[in-house]
Every structure is written in C-alpha cells, then in structure tokens.
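To keep things clear, I will list the structure first and then write my remarks on it.
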Amino acid sequence: MKKLLTILILMVSCLILWGVGKLYIAYNMSHYAGYYVQQLP
C-alpha cells in the first residue's frame with residue numbers, strides 16, 4: 001500500500017512539473033516573440 005502511494009505521489013508531481021514546464025516554455029516563447037516583433041522596423 002505504501003509503495004502504491006509513493007508511485008502515485010511521484011506521478012502527480014511529475015505531471016505538475018510537466019504542466020508548469022510547458023506553461024513556462026510557452027510564456028517565454030510568447031515573451032521572446034513579442035520582444036522580437038518590437039525590434040522589427
């Protein structure tokens with residue numbers, strides 16, 4: 001039972017990290033895209 005709980009916690013934390021990572025990458029990409037567009041004449 002304890003092993004199952006540990007696996008569940010690991011899976012949930014991995015999913016959260018994956019989601020946060022995707023959001024962070026998307027935010028950075030949009031930020032850089034906005035910065036790049038501003039630099040265009």
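I'd like the full set of residues that are at pLDDT below 90 and aliphatic (A, V, I, L, M), limited to segment 6-40.
Scanning segment 6-40 gives Ala33, Val37, Leu40.
Within segment 10-26, is even one residue of a type in the set (Ser, Thr, Tyr) and either surrounded by fewer than 10 Cβ atoms within 10 Å (Cβ to Cβ) or touching a Cys at 6+ places or on another chain (Cβ under 9 Å) (or both)?
No: zero hits.
Mind checking which residues of segment 27-41 are aromatic (Phe, Trp, Tyr) and surrounded by 10 or more Cβ atoms within 10 Å (Cβ to Cβ)?
Tyr27, Tyr32
The values are calculated or read from the model by the stated rules, or taken from the named source; none is laboratory data. Since we're looking at a predicted model, the values are computed, not measured. Quick reminder, even Gly has a Cβ in these numbers, built from the backbone with ideal geometry, and neighbours come from all protein chains shown.
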